[in-house]
Amino acid sequence: MAKFGTPFKSNSKKALLLGSGELGKEVVIELQRFGIETIACDSYENAPAMQVAHRSHVFSMLSGDTLRKVIEQEKPDYVIPEVEAIATDTLLELEKEGCNVIPTAKAARLTMNREGIRRLAAEELKLKTSAYRFAETKEEFLAAVKEIEIPCVVKPIMSSSGRGQSTVKTKDDIEKAWDYSQSGGRAGGGKVIVEGFVPFDYEITLLTVRHAKGTSFCAPIGHVQIEGDYRWSWQPQDMSEKALKESERIAKAVTDALGGYGIFGVELFIKGDEVFFSEVSPRPHDTGMVTLISQDLSEFALHARAILGLPIPNIKLHGPSASVALRIDGKGDLISYSGLEDALSEPDTSLRLFGKPSINGHRRLGVVLARGTNVEEAIKKAKNAASKIKVEFG
């Protein structure tokens, strides 16, 4: 039987987040509903999750020595990676010493590196994926593009949210794609993956929850990405029963191989009834923010329950819903918002402003949520609400 204490008391249960963005912020809130003492870590001060956690630490999580020092100091019951750029070798060592890494240190290591997860899916699990090659130098990259052929997609093996990612559509794009892959990834330059372009009909995120009683799936989430970054998503994505069952089979195979408890965002390409594995995140997914309005238990609530060993008897979908990212261009560290009254004037709309302390270029500062009688209406309502929000910088 699970037993929980009280924050700041000798019997408290502690959760330490490695990464404190908007997704981590919601995880902290859900964990606190069960009386968990929360510690938020990130490379910059006042990150969103730090604003709601009990305390925080600022350091580079790629520093294994500092990572170990903080974990040994805090002695958390749960270590929850929320970003890819972490010293995963240190996590593996700490796990062997008894540290409880969510879902597992292996999952954090494999999914931090696109090479690890792609080889697991395609070569070990024999799942259908796009054609791919890895390249560590520019010469290897040019050879990979020639072998895979244009069009193709180029991604740093360590990145997320579209950072460093681009599509090569013509020969003129090749040089630019290489340069961007070396400057835009989370961990700087280095190895890339060159993927053959899959002419898919649509792509989905299948939120997959591994918990004490088995594996559960949320309704499939459709989404639109531009430059590798999600702009809007909806739930449920209409798809054939055959494609859905195959998606669930693939998601279960990948998440079983990664192990542990928690939510996984499994990204899949769908062409007719064919399903291609793309990527997986062993944590809540940005496209899954739609579940903040679409489901009785959001992806964050599901993650918290799974981590804590609590039951997930069912997942109820309230109805067709959509999320629209408030992606803003600007520069400043004094951000203000207006127009919220107009944005929230329609029934069944909601808003999350993430509280990011600054912006320098493109940044996702919030998400607008809506429900409708159908997906199209929900998307339209969310986009309309998002258009009413004005952002100023000082």
Which condition from (1) on the phi < 0 side of the Ramachandran plot; (2) touching a Pro at 6+ places or on another chain (Cβ under 7 Å); (3) surrounded by 19 or more Cβ atoms within 10 Å (Cβ to Cβ) is the one that Lys14 breaks? (3)
Please work out which residue is farthest from Glu84 (Cα to Cα), limiting yourself to the range 182-209 and to residues that are modelled with pLDDT of 95 or more and surrounded by fewer than 22 Cβ atoms within 10 Å (Cβ to Cβ). Asp201
Suppose we filter Gly35, Gly24 for residues that are of a type in the set (Gly, Ala, Ser), within 20 Å of Ala306 (Cβ to Cβ) and in contact with a strand residue (DSSP E or B) (Cβ under 8 Å, 6 or more places away or on another chain); which single one remains? Gly24
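State which residue is modelled with the lowest pLDDT when the search covers only the range 127-158 and only residues that are farther than 16 Å from Val266 by Cα and in a loop (DSSP other than H, G, I, E, B). Spell out the reasoning first.
Keep residues of the range 127-158 that are farther than 16 Å from Val266 by Cα, which gives 131-158.
The next check asks that each one be in a loop (DSSP other than H, G, I, E, B); those that pass are 131, 136-137, 149-151, 157-158.
Numbers: Ala131: 93, Glu136: 91, Thr137: 92, Glu149: 92, Ile150: 93, Pro151: 93, Ile157: 82, Met158: 76.
Among them, the one singled out is Met158.
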Would you be able to tell me the number of residues in the range 44-92 that are in contact with a Leu (Cβ under 9 Å, 6 or more places away or on another chain), free of Cβ contacts under 8 Å to residues at least 24 places away in the same chain and of a type in the set (A, V, I, L, M, F, W, C)? 1
Please indicate, with yes or no, whether at least one residue in the range 228-240 is among the charged types (D, E, K, R), more than 22 Å from Ala382 (Cα to Cα) and surrounded by fewer than 19 Cβ atoms within 10 Å (Cβ to Cβ). no
Name the residue, out of Ser321, Ser294, that is closer than 20 Å to Asp238 by Cα, in contact with a His (Cβ under 9 Å, 6 or more places away or on another chain) and either buried (at least 16 other Cβ atoms within 10 Å of the Cβ) or not assigned by TED's automatic domain parsing to the domain that holds Ile221 (or both). Ser294
In this structure, does Arg163 turn out to be touching a residue at least 40 places away in the same chain (Cβ under 8 Å) and either more than 22 Å from Pro284 (Cβ to Cβ) or not assigned by TED's automatic domain parsing to the domain that holds Leu23 (or both)? yes
Can you confirm whether Leu110 is buried (at least 17 other Cβ atoms within 10 Å of the Cβ) and either assigned to a strand (DSSP E or B) or of a type in the set (A, V, I, L, M, F, W, C) (or both)? yes
Does at least one position in the range 33-41 carry a residue that is assigned to a helix (DSSP H, G or I) and surrounded by fewer than 17 Cβ atoms within 10 Å (Cβ to Cβ)? no
Can you list residue pairs whose Cβ atoms sit under 6 Å apart, with the first residue in the range 100-126 being over 22 Å from Gly190 (Cα atoms) and the second being among the small types (Gly, Ala, Ser)? Count only pairs 6 or more apart in sequence or on different chains. Ile102/Gly262; Pro103/Gly260; Pro103/Gly262; Thr104/Gly259; Thr104/Gly260; Leu125/Ala253
Among the residues of the range 120-139, write down those that are buried (at least 16 other Cβ atoms within 10 Å of the Cβ) and over 16 Å from Ala251 (Cβ atoms). Ser130, Tyr132, Arg133, Phe134, Ala135
Just one of Glu84, Glu30 is surrounded by 16 or more Cβ atoms within 10 Å (Cβ to Cβ), assigned to a loop (DSSP other than H, G, I, E, B) and acidic (Asp, Glu); which is it? Glu84
Matching option when the condition is more than 28 Å from Ala15 (Cα to Cα) and either basic (Lys, Arg) or within 17 Å of the chain's Cα centre (by Cα) (or both), among Arg249, Arg305, Arg283, Arg352: Arg249
Looking at (1) over 18 Å from Gly319 (Cα atoms); (2) in contact (Cβ under 8 Å) with a residue 40 or more places away in the chain; (3) surrounded by fewer than 24 Cβ atoms within 10 Å (Cβ to Cβ), which is the one condition that is false for Val224? (2)
Those residues of the range 89-107 that are part of a helix (DSSP H, G or I) and surrounded by 22 or more Cβ atoms within 10 Å (Cβ to Cβ) come to a total of 3
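The values are calculated or read from the model by the stated rules, or taken from the named source; none is laboratory data. Just so we're clear, the structure is a prediction, and the values are computed from it rather than from any experiment. Using ideal geometry, Cβ is built from the backbone for each residue, glycine included, and neighbour counts are taken over all protein chains shown.
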